[in-house]
Amino acid sequence: MIYKENGDLFGCGRSDNFQLGIENKESQIKPILILQDKEIKEICCGAAHNLFLRKNGELFGFGENHYGQLGIENKESKMKPVLILKDLQIKIISCGCDHSMILKENGEIFVFGRNFRGQLGLGDNEDRLTPTLLMKDPKIQTIRCGFSHSFILKENGEIWSFGRNDYGQL
C-alpha cells in the first residue's frame, strides 16, 4: 500500500484474495489506484488483508477473511473496503498474517482473526470473527503483530509477547 498526501491510496503485488481492493484477482506489478480519501490516518497490511483508519475513527478492511481477520462477523473475503467499526478512540492498528489488533487511547486492546498459535493472547486457540477485548491498561504504548505472534509495549519498557515461538520469535 502506498498513500500519497493528496489522498490517493495505491496498491501493488498479489491480489488473489482481493487484498488490493480491486475488482479482480490479478497481481499488479505497478501501483494501481485503489481509492481516494484525504482522511486516512493509518494503514496496515497483513499477508492477504489490509486495514485503514480514517481520521473520523472509521476502521475499514478488505482482502482475505478466512479466519475473521477483518473483524466483520463472518469469514467472507471482501473485494472492496468494508466498515469494521467506528471509534474515535482508536490509536493504533496492526495486522499479522491472519490476525489483527487495535489499541485505543484508553489502553483497551482488541484482537480478531486467526488464533491457532495463541497469537490473540486470549488463552485459547479459537479464532475470533469480531474485535474481542484482550485487556485494558492505560500504560500501553504500542502494539505490533508478527506472522503468528504479537507484542505489547508498555510505557515502562515491559514487552509482553504471545503466539508462535518455535523459532524464538517471542
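The values are calculated or read from the model by the stated rules, or taken from the named source; none is laboratory data. The structure presented is a predicted model; accordingly, all values stated were derived computationally and were not measured. Note that we place each Cβ from the backbone using ideal geometry, even for glycine, and neighbour counts take in every protein chain shown. Side chains included, ligands, DNA and RNA excluded: accessible areas come from the protein's heavy atoms. Shrake-Rupley method; radii C 1.70, N 1.55, O 1.52, S 1.80 Å.
Does Ser15 qualify as being among the polar types (S, T, N, Q), crowded, with 21+ Cβ neighbours inside 10 Å and either touching a strand residue (DSSP E or B) at 6+ places or on another chain (Cβ under 7 Å) or under 16 Å from Ile102 (Cα atoms) (or both)? Yes; evaluated as a whole, the condition is true for this residue. Looking across Lys25, Lys41, one residue alone is part of a loop (DSSP other than H, G, I, E, B) and either within 24 Å of Ser150 (Cβ to Cβ) or open to solvent by 60 Å² or more (accessible area, probe 1.4 Å) (or both). It is Lys25. Scan region 44-80 for residues that are within 24 Å of Gly146 (Cα to Cα), among the charged types (D, E, K, R) and not in a loop (DSSP other than H, G, I, E, B) and the total you get is 3. Against the list (1) free of Cβ contacts under 8 Å to residues at least 24 places away in the same chain; (2) open to solvent by 60 Å² or more (accessible area, probe 1.4 Å); (3) under 27 Å from Gly118 (Cβ atoms); (4) polar (S, T, N, Q), the condition Asn65 fails is (2).
Glu39 falls short on exactly one of the conditions (1) more than 19 Å from the chain's Cα centre (by Cα); (2) more than 22 Å from Gln69 (Cα to Cα), and that condition is (1). Residues in region 128-163 that are part of a loop (DSSP other than H, G, I, E, B) and under 17 Å from Ser94 (Cα atoms): Gly146, Phe147, Ser148.
Among the residues of region 124-139, the ones that are farther than 14 Å from Ser100 by Cβ and of a type in the set (Lys, Arg) come to 2 in all.
Which one is least open to solvent (accessible area, probe 1.4 Å), of the residues in region 104-118 that are over 23 Å from Glu58 (Cα atoms) and in contact with a strand residue (DSSP E or B) (Cβ under 7 Å, 6 or more places away or on another chain)?
Initial filter on region 104-118 (over 23 Å from Glu58 (Cα atoms)): 115-118.
Now narrow it down to the ones that are in contact with a strand residue (DSSP E or B) (Cβ under 7 Å, 6 or more places away or on another chain): 115, 117-118.
Working: Asn115: 0, Arg117: 96, Gly118: 16 Å².
Only one residue tops the list, namely Asn115.
Selection over region 150-159 of residues that are without any contact (Cβ under 8 Å) to a residue 12 or more places away in the chain, touching a Phe, Trp or Tyr at 6+ places or on another chain (Cβ under 9 Å) and either open to solvent by less than 80 Å² (accessible area, probe 1.4 Å) or of a type outside the set (A, V, I, L, M) (or both) gives a count of 1.
Taking region 28-38 as the range and being touching a strand residue (DSSP E or B) at 6+ places or on another chain (Cβ under 8 Å) and not in a strand (DSSP E or B) as the test, only Asp37 passes. Within region 119-136, residues that are open to solvent by less than 60 Å² (accessible area, probe 1.4 Å) sit with their Cβ atoms under 8 Å from residues that are of a type in the set (Asp, Glu), at 6+ positions apart or across chains, in these pairs: Leu129/Glu73; Thr130/Glu73; Met135/Glu108. The sole residue among Ser100, Ser77 that is surrounded by 21 or more Cβ atoms within 10 Å (Cβ to Cβ) and either over 13 Å from the mean Cα position of the chain (by Cα) or within 26 Å of Asp37 (Cβ to Cβ) (or both) is Ser100.
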